[in-house]
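Right, one structure below, let's go through it.
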Amino acid sequence: MIKTILNLFGSVGNKSLKFIANIGHFFIFCFSAISWIFRPPWYFKKILLQVIDIGYFSLPVVGLTTFFSGMVLALQTYNGFTEFNSESTVARVVLTSITRELGPVLTGLMVAGRIGAKMAAEIATMKVTEQIDALGTLGTRPMQYLIAPKIIASVICLPFLVFVGNTIGILGGYTIAIFKLDFNPDLYLFATLDNLQWIDLVQGSVKAATFGLIISMVSCYFGFNASKGAEGVGYATTVSVVVSSVMILTSTYIITALFFG
Amino acid sequence: MKKRKIKNIILDVKDLKKTFGNNIILNNINFNLLEGESLAIIGASGSGKSVLLKNIIGLLEPDTGSIKINSTEMVNLPRRDKENLLLKLGITFQHGALFDSLKIWENIIFKIQNQQKISKIDGRKLALSIIKRLSLKPEILDLFPSEISGGMQKRVAIARAICGNPKILLFDEPTSGLDPVTGSVIDKLIITAVKTIGASAITITHDMASVSRIADKVILIDKKTISWSGTPKEMLVSKNLKIKEFIKSTNPKLFS
């Protein structure tokens, strides 16, 4: 009995130590990756390719998600607020919810699923097929050649994607308000623009850039440390999406608290 | 190849020891490679051959011991100096390790392109000249690695390794997973590559036929250390039980 309890404590302790060690490795990796961003040579072609992949090819999925979210938000808000005769605040609620929270978070989660998984799988495959080892022996630093362009592109593209996502989300709300809920188009638009605040856009951009950093760092970290062949690639991909998503939701609270807490 | 003039020591490994945790992988490894010499390293799977190679190319750091390339100590060398030293080596990995996102010609000139600015036209020309030297088809230049066979990928990996005329070529199981005919083609390619650029070579292999074709000297890694060394001819008549067993199991005809 005592031996079983001791084994249980041992196992928990061992896993806790491993977890703490992994966090330490992750931060060392982040520090190293960021330091390589500022050192020449910069691989502009690789950065551009990443910008196209992240910024351009993510537009459809981000657009669709935020458009329907805006629609749902307008509909739900209207249904709820009708009980208090506050239908006039629908435009404001849609605008604030999307620019402050839904736009950045949904964009972040979509990009984590699309780009984060791709980054992790690509780097993990390179790792298990010795391509990363080969890079190191061919006069190239893998951190600088592989990781830095992904981080730079993610941090640049996410604010752009969030801006586009916010606009499309607000348009989704507008569509429902005008065509289903019979709002006056001019009044709705005026209410939206009147309630638009710089702080919301700044906060959204800060969140977006942070999410870009999180997604690229986490995905590259798990990809870079992948092992065990195909199974390792699968694990790196899954865990990078899960961890990115959790970190996005955690950091959005911290940033909101910093701006509005 | 075997008549090549033997010169100075280009790689010197002394008292190398490597452990992973409490597990000793390599212990008391001593050997050297002469200029123009072709050395084959044989040993059972998991005996530490690839670990030894990774120590030589700086991907792993030995616990103790010394690795000198051209009299320069590799162990604990600052990163920048190590990178410069590594440029003198040409390495092919077990599965080719070609970069999936680059075309074949871009793979071949990758090292040169990182060292100096080279135009697309010049780069392609350089890649073409290298694959011609290795008698490969120019049509593959604009393909991606996924569009060519495994055997062809290994040949391209050899082309990439010799680009920039390195002083030492290292081949990690170049014929593994290939049919005997393709394996023989790879061996010829290795001999041609070594001859063409006048480099020394280290080949890690299980293939005894390959050893007899490409090596001037053979070392056997067994029980974490070098348990036998000699020429391929000496290997065939060796009384060492491990060597006998190894030859018998991999190529009985060669032994008889």
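The values are calculated or read from the model by the stated rules, or taken from the named source; none is laboratory data. Here the structure is a predicted model, which is why all the values come from computation and not from measurement. Don't worry about glycine lacking a Cβ; one is built from the backbone with ideal geometry, like all the others, and counts go over all protein chains shown.
Some points to look at:
- Of residues in the range A:123-151 being of a type in the set (S, T, N, Q) and more than 7 Å from chain B (Cβ to nearest Cβ), the one nearest to B:PHE110 (Cα to Cα): A:GLN144
- Residue check for A:THR167: of a type in the set (Ser, Thr, Tyr) and within 14 Å of chain B (Cβ to nearest Cβ): no
- Considering the range A:187-199, the residues that are touching a Phe, Trp or Tyr at 6+ places or on another chain (Cβ under 9 Å) and of a type outside the set (A, V, I, L, M) include one that is nearest to A:GLY169 (Cα to Cα), namely A:THR192.
- So B:ARG124, is it touching a helix residue (DSSP H, G or I) at 6+ places or on another chain (Cβ under 6 Å), of a type outside the set (Gly, Ala, Ser), closer than 17 Å to A:ALA134 by Cα and outside the structural domain of B:ALA201 (by TED's automatic domain parsing): no
- Residue that is part of a helix (DSSP H, G or I), within 28 Å of B:LEU85 (Cβ to Cβ) and assigned by TED's automatic domain parsing to the domain that holds B:ILE69, where the choices are B:VAL211, B:VAL185: B:VAL211
- Residues being of a type in the set (S, T, N, Q), at pLDDT 90 or above and closer than 19 Å to A:THR140 by Cα - total across the range B:35-91: 1
- Test: residue in the range A:146-157 that is farther than 30 Å from A:GLU231 by Cα, modelled with pLDDT of 95 or more and touching a Ser or Thr at 6+ places or on another chain (Cβ under 9 Å): yes
- Residue that is farthest from A:ALA91 (Cα to Cα), among those in the range A:59-79 that are among the hydroxyl-bearing types (Ser, Thr, Tyr) and crowded, with 22+ Cβ neighbours inside 10 Å: A:THR66
- Scanning the range B:130-137 for residues that are among the small types (Gly, Ala, Ser) and not in a loop (DSSP other than H, G, I, E, B) turns up nothing.
- Of the residues making up the range A:123-148, just one is out of contact with any helix residue (DSSP H, G or I) (no Cβ under 7 Å at 6 or more places or on another chain), in a loop (DSSP other than H, G, I, E, B) and among the polar types (S, T, N, Q), namely A:THR129.
- Only residues that are surrounded by 18 or more Cβ atoms within 10 Å (Cβ to Cβ), more than 22 Å from B:THR203 (Cα to Cα) and either touching a Ser or Thr at 6+ places or on another chain (Cβ under 8 Å) or more than 14 Å from every other protein chain (Cβ to nearest Cβ) (or both) were counted across the range B:128-147, and they come to 2.
- Residue satisfying all of: in the range B:212-256; exposed (fewer than 15 other Cβ atoms within 10 Å of the Cβ) and among the polar types (S, T, N, Q); modelled with the highest pLDDT among these: B:THR231
- Count - residues of the range B:222-240 that are under 19 Å from B:LEU34 (Cα atoms) and in a strand (DSSP E or B): 4
- Helices (runs of 4 or more DSSP H) (entirely within the range B:18-115) containing at least 3 residues that are within 14 Å of chain A (Cβ to nearest Cβ) and out of contact with any Lys or Arg (no Cβ under 7 Å at 6 or more places or on another chain): B:49-56, B:79-86, B:110-115
- Here A:ARG39 fulfils each of the conditions (1) farther than 22 Å from A:VAL241 by Cα; (2) within 14 Å of chain B (Cβ to nearest Cβ); (3) touching a residue at least 12 places away in the same chain (Cβ under 8 Å); (4) assigned to a helix (DSSP H, G or I) apart from (4).
- Any chance A:ALA117 is within 14 Å of chain B (Cβ to nearest Cβ) and within 18 Å of the chain's Cα centre (by Cα): no
- Any pair with Cβ under 7 angstrom, 6 or more apart, that starts in the range A:95-123 at a residue that is under 17 Å from A:ALA208 (Cα atoms) and ends at one that is of a type in the set (Phe, Trp, Tyr) and assigned to a helix (DSSP H, G or I): A:PRO104/A:PHE211; A:GLY108/A:PHE211
- Of all residue pairs spaced 6 or more apart or on separate chains, those with beta-carbon atoms under 8 Å, a first member in the range B:150-175 that is without any contact (Cβ under 8 Å) to a residue 40 or more places away in the chain and a second member that is polar (S, T, N, Q) and part of a loop (DSSP other than H, G, I, E, B) are B:THR175/B:THR205.
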